[in-house]
Structures are given as C-alpha cells and as structure tokens.
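S.K.: Handing you a structure now.
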Amino acid sequence: MRIDKLLANMGFGSRKEVKSLLKKGIVICNGEIIKNGQDQVDPNHDDIRVAGELIEYKEFVYLMMHKPPGHVSATEDFRDPTVVDLLEPEDAIFEPFPVGRLDKDTEGLLLLTNDGKLAHQLLSPKKNVGKTYYARIAGSVTEEDVAAFTKGVTLDDGYETKPAELKILRSGSASEIEVTITEGKFHQVKRMFESVGKKVVYLKRLSMGHLVLDEELPLGSYRELTSEELSLLKQ
Ligand code: URA
C-alpha cells in the first residue's frame with residue numbers, strides 16, 4: 001500500500017501533515033528514507049519507522065467495551081454521546097463501530113470493530129449467536145414466564161420470538177434473571193418481558209457468543225480483545 005495512506009491510517013495526520021513528515025526525511029522503510037508519498041510499502045513485512053518509532057500496522061481492531069448508560073450504540077448522533085466518543089484517538093482512527101446495538105440505558109458487553117465480515121457473521125440470524133443478559137424486573141418472574149420464553153413469546157408488533165432461555169436468579173416483587181436470546185430485535189428483552197406483563201428496570205449484557213464481559217473493566221472503559229477471545233469469537 002502507499003506509504004502516505006498507511007501513515008494517515010495510523011493516525012499520523014491529514015494528507016498534508018503526512019506529506020510534511022515525509023519531506024522532513026524522518027520516515028524510514030527498511031533503513032532507507034522515503035520522501036515520496038506514493039511509494040509502495042508492505043506494512044506486514046517492511047520495517048517502517050517514523051522518527052525512529054517502529055510502526056505496528058494492523059488492519060482491524062477488536063475492542064471489548066463495558067458500555068455505560070447514557071451513551072448510544074452508534075458512531076454519531078445529533079443528541080446523545082456515542083460509544084465511539086469514549087474511544088481514545090489512537091483507537092478511534094481505525095473507525096470501529098459497535099457490533100449490534102444496546103439501548104441507551106443498557107450497560108454491559110459491547111464489541112467494537114472495523115472488521116465488517118466478523119460483525120456480519122455475529123449479527124447474522126442464521127448463526128444463532130447467543131446473547132446473555134442480566135436484568136432486574138419489576139414484578140415476580142415465574143416458572144410460567146420461563147415456559148413462555150422457552151417456547152418463544154409474541155411481541156407487541158405480532159413478531160414471534162425464537163425460544164429464549166430464562167433463568168430466575170431471584171423472584172419476588174423485584175426479580176433478578178438471566179436471559180439468553182439469539183436474535184436482536186429492537187428492545188427485544190424489554191419487549192419480551194412486556195409480553196408477559198413485566199417491566200425491565202435494569203439491563204446489562206454479559207456475553208455474546210463465546211465472548212464474556214470482563215468484569216474488571218470499569219463502566220465506560222474498554223480494552224483490546226486477547227488473541228484467545230478473538231479466536232473464540234471467530235469460531
Ligand atoms: N434487549 C433490550 O431490550 N435492550 C437492549 O439494549 C438489548 C436487548
């Protein structure tokens with residue numbers, strides 16, 4: 001790829017800024033100064049340095065975020081802060097986007113990546129990727145609700161959901177549950193509980209496929225996936 005494109009992708013500034021870096025003679029490829037932005041380099045094999053610093057090129061980023069409430073799962077929004085606003089500039093330059101949506105008030109596991117192919121696979125209804133949520137529910141969740149979820153419930157627009165696994169952690173006037181769904185309809189978990197006459201008052205995603213939220217991550221922070229997490233996710 002062209003050296004000017006690589007440097008721009010890696011966050012070394014606008015085209016103009018990259019041009020001026022090259023002009024300064026501080027961009028070195030395999031020991032030779034490169035001054036022409038059109039020169040081709042192989043980011044996977046060449047030793048490329050800017051002012052002595054080795055460039056570690058990567059095409060894709062995979063970030064696990066502990067989404068906080070109050071941010072929308074989008075790359076831009078006119079009204080609300082987005083999850084992308086929480087990224088450091090060195091990660092934002094890769095232009096990752098959230099894989100699927102969590103509601104503004106939902107917390108928990110959110111994957112951000114610029115790998116469109118993986119995102120597509122994870123979101124494809126055919127793949128049946130399970131997403132597990134913890135929720136607090138106003139009202140008593142019963143075994144009848146478990147049975148209804150196991151069969152699938154009818155949402156307010158008439159949509160019949162696929163079977164979902166509902167586990168009651170605590171039942172009472174305020175219940176706690178875990179639910180696993182394999183779809184991602186708008187407000188799905190909230191609407192599934194509405195269909196059995198109950199209200200979700202707190203919702204947090206715990207896992208998506210084999211990827212489990214790292215509880216050490218404080219709300220609003222994120223980290224790169226480990227290579228093990230990435231290979232589990234790609235399975
Ligand atoms: N279901 C919901 O209702 N909201 C979410 O954010 C995710 C799943």
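Coordinate-derived values only; no laboratory data. Small disclaimer: the values here were computed from a predicted structure and weren't measured. Backbone-built Cβ (ideal geometry, glycine too); neighbour counts: all protein chains shown.
S.K.: Which trypsin sites (Lys or Arg not before Pro) does segment 138-219 hold that lie in a coil by DSSP with at most 16 other beta carbons within 10 Å?
M.R.: Lys185
S.K.: With charges set only on the Cβ (+1 for Lys and Arg, -1 for Asp and Glu), what does the dipole of the chain come to about its Cα centre, in debye to the nearest 20?
M.R.: 500 debye
S.K.: Using modelled amide H (1.01 Å from N, peptide plane; none on Pro or chain starts), what sits under 5 Å from the amide H of Tyr62, excluding residues fewer than 5 places away?
M.R.: Leu225
S.K.: While we're looking at this one, here's another question. What list of ³J(HN,Hα) couplings, whole Hz, do you get for segment 73-85 from phi and the Karplus terms 6.51, -1.76, 1.60, once you set θ to phi - 60° and write x for glycine and proline?
M.R.: 7, 8, 8, 8, 7, 6, 9, 10, x, 10, 5, 5, 5
S.K.: May I pose another question? Test of the criteria: in segment 1-96, which chymotrypsin sites (Phe, Trp or Tyr not before Pro) are in a DSSP loop and have at most 10 other Cβ atoms within 10 angstrom of their Cβ?
M.R.: Phe78
S.K.: Each residue of segment 168-177 in order: what ³J(HN,Hα) in whole Hz does its phi give by Karplus 6.51 cos²θ - 1.76 cosθ + 1.60, θ = phi - 60°, with x for Gly and Pro?
M.R.: So the J values, rounded to whole Hz, are 8, 8, 8, 10, x, 5, 10, 9, 10, 9.
S.K.: Now for a different question. For segment 3-54, what's the relative contact order in percent, using C-alpha pairs closer than 8 Å and at least 6 residues apart?
M.R.: Numbers: 60 pairs, mean separation 17.4, N = 52.
Taking the mean separation of contacting Cα pairs over the length of segment 3-54, I get 34 percent.
S.K.: Ok, one more. When the Cα centres of segment 16-42 and segment 177-234 are compared, how far apart do they sit, in Å?
M.R.: 44 Å
S.K.: Given the Cα-Cα distance of Asp214 and Glu56 and 0.36 nm per residue of separation, how much length would full extension add, in nm?
M.R.: Taking 0.36 nm per residue and subtracting the Cα distance, the gain is 54.3 nm.
S.K.: Moving to a separate point now. As an exercise, find the ratio Rg/Rh for segment 3-54 from alpha-carbon atoms, using the Kirkwood inverse-distance average for Rh.
M.R.: For segment 3-54, the value is 0.90.
S.K.: If you don't mind, another one. With θ set to phi - 60° and the Karplus curve 6.51 cos²θ - 1.76 cosθ + 1.60, what are the ³J(HN,Hα) couplings of segment 138-154 in order, to the nearest whole Hz, using x for Gly and Pro?
M.R.: Listing the rounded values in order: 7, x, 8, 7, 10, 5, 5, 5, 4, 5, 4, 5, 4, 7, x, 10, 9 Hz.
S.K.: Hey, got the Cα dimensions of the chain along the principal axes, in Å, largest first?
M.R.: Cα extents, longest axis first: 72, 35, 33 Å.
S.K.: Rounded to the nearest 500, what is the 222 nm mean residue ellipticity of the chain from helices alone, with -39500 (n - 2.57) per DSSP H run of 4+ residues and division by all residues?
M.R.: Values: 7 runs with 53 residues, N = 235.
For the chain, the value works out to -6000 deg cm²/dmol.
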